[in-house]
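The values are calculated or read from the model by the stated rules, or taken from the named source; none is laboratory data. Just so we're clear, the structure is a prediction, and the values are computed from it rather than from any experiment. All Cβ positions, glycine included, derive from the backbone under ideal geometry; neighbour counts span all protein chains shown. These area figures cover heavy atoms from the full protein model, side chains too; ligands, DNA and RNA do not enter into them. Shrake-Rupley method; radii C 1.70, N 1.55, O 1.52, S 1.80 Å.
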Amino acid sequence: MIQVINTIDKLRKQVKEWKKAGLTVGLCPTMGYLHEGHASLMDAARAGNDKVVASVFVNPIQFGPNEDLATYPRDFEHDCQLLEAHGVDLVFHPEPSEMYAPDFTTFVDMNELSETLCGKTRPIHFRGVCTVIAKLLNTVTPDRIYFGQKDAQQLAIIRRMVRDLNFDVEVIGCPIVREQDGLAKSSRNTYLSPEERKAALVLSRSVRKGQDLVASGVRSSAELLASMKARLAEEPRADVEYVEVVDGESMQPVETFKEGDLVAMAVRIGTTRLIDNFTVGDPEISFEG
């Protein structure tokens, strides 16, 4: 049976026992409502470490006042079944009060990288992400920590935070996991009606359009974005928040892109905000339809 721990003290005690025995630890931070994309992180952690810790915690400080904290999907029983099936040894499932004291006032903030893409419309989001990940790193002291490439800006920000603050951990990015028809796996996909689910495929089709242009030799951001935006415009349900090309490390816009740079988008289908992306030089996605 998978071990469930709800307190920081008990978690630290268990990890210290593992470390004393010379075992390596991998950490997979999640907000729960797990799917195959999360499972791929667990599998990578299982393959690379002696012990695997997953956190299931809907982090309140990364949600803005008009975002979906209250309605964010939760199913802890299902989460534990998936985690156990993928070899996770321990799940850390704290209450918000365990993570944040009533007079909590200390945050990890980042300039530059957090000000573009999703940071434009979610100004407190990455401060909340950096703070909770810093707390998890301090608590678990893992050898490796795992994130999905779907949240590419988050991954770049965590890499920078780890470097800037000298955390002794290796940050591992794992490829986007997609449905057969191309839609990137996301807990928020459950918000979509059947009609919206079909409309959401415009994101992955736009990604594939962009990758085709890159493969043909296009290196102008303006040319690439014009074609991708035209593809998105074909879907009347799509309300585009942004489509941008940014440097893969600094997250700043570039006029001419190179291998390792990021092409990212955020699109609302109905009331559901979805993101997708690709990194220049990564294998092209393939899917039905």
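Those residues that are surrounded by fewer than 18 Cβ atoms within 10 Å (Cβ to Cβ) and in a helix (DSSP H, G or I), I need them from the stretch 93-103; list them, please.
Pro96, Ser97, Glu98, listed by residue number.
Tell me, which residue of the stretch 247-276 that is assigned to a loop (DSSP other than H, G, I, E, B) and among the small types (Gly, Ala, Ser) is nearest to the chain's Cα centre (by Cα)?
Of everything passing the filter in the stretch 247-276, Gly248 is nearest to the chain's Cα centre (by Cα).
Filter the stretch 55-79 for residues that are β-branched (Val, Ile, Thr) and in a helix (DSSP H, G or I) and give the result.
Selection gives Ile61 alone.
In the stretch 217-246, what residues are more than 22 Å from the chain's Cα centre (by Cα), of a type in the set (Ser, Thr, Tyr) and over 19 Å from Gly260 (Cβ atoms)?
Ser227 - this is the single residue of the stretch 217-246 that is more than 22 Å from the chain's Cα centre (by Cα), of a type in the set (Ser, Thr, Tyr) and over 19 Å from Gly260 (Cβ atoms).
Among (1) surrounded by fewer than 18 Cβ atoms within 10 Å (Cβ to Cβ); (2) farther than 30 Å from Asp164 by Cβ, where does Thr256 come up short?
Only one criterion in (1) surrounded by fewer than 18 Cβ atoms within 10 Å (Cβ to Cβ); (2) farther than 30 Å from Asp164 by Cβ is unmet by Thr256, namely (2).
Only one of these conditions is not met by Val52: (1) part of a helix (DSSP H, G or I); (2) in contact with a strand residue (DSSP E or B) (Cβ under 6 Å, 6 or more places away or on another chain). Which number is it?
(1)
Restricting to the stretch 35-74, count the residues that are small (Gly, Ala, Ser) and under 20 Å from Leu183 (Cβ atoms).
Within the stretch 35-74, residues that are small (Gly, Ala, Ser) and under 20 Å from Leu183 (Cβ atoms) number 3.
Taking into account only those residues within the stretch 1-40 that are among the polar types (S, T, N, Q), crowded, with 18+ Cβ neighbours inside 10 Å and more than 21 Å from Gly128 (Cα to Cα), which is farthest from the chain's Cα centre (by Cα)?
Only one residue tops the list, namely Gln14.
Okay, residues lined up against (1) assigned to a helix (DSSP H, G or I); (2) open to solvent by 50 Å² or more (accessible area, probe 1.4 Å); (3) touching a residue at least 24 places away in the same chain (Cβ under 8 Å):
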residue	(1), (2), (3)
Gln81	yes, yes, no
Val91	no, no, yes
Thr105	no, yes, no
Met110	no, no, yes
Ile133	yes, no, yes
Thr139	yes, no, yes
Pro142	no, no, yes
Tyr146	no, no, yes
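Taking into account only those residues within the stretch 166-217 that are charged (D, E, K, R) and either touching an Asp or Glu at 6+ places or on another chain (Cβ under 6 Å) or closer than 30 Å to Ile133 by Cα (or both), which is least open to solvent (accessible area, probe 1.4 Å)?
Only one residue tops the list, namely Lys185.
Could you tell me whether Gln62 is of a type in the set (S, T, N, Q) and open to solvent by less than 40 Å² (accessible area, probe 1.4 Å)?
yes
Looking at Ser227, is it in a helix (DSSP H, G or I), polar (S, T, N, Q) and either open to solvent by 60 Å² or more (accessible area, probe 1.4 Å) or free of Cβ contacts under 8 Å to residues at least 40 places away in the same chain (or both)?
yes
Of all residues being of a type in the set (Gly, Ala, Ser) and part of a helix (DSSP H, G or I) in the stretch 191-214, which is nearest to the chain's Cα centre (by Cα)? Just the residue, please.
So, considering only residues that are of a type in the set (Gly, Ala, Ser) and part of a helix (DSSP H, G or I), the one nearest to the chain's Cα centre (by Cα) is Ser204.
On the given criteria, is Asp43 within 21 Å of Asp143 (Cα to Cα), surrounded by fewer than 19 Cβ atoms within 10 Å (Cβ to Cβ) and either touching a Ser or Thr at 6+ places or on another chain (Cβ under 7 Å) or among the aromatic types (Phe, Trp, Tyr) (or both)?
no
Would you call Ile285 outside any strand (DSSP E or B), hydrophobic (A, V, I, L, M, F, W, C) and closer than 20 Å to Asp181 by Cβ?
Yes.
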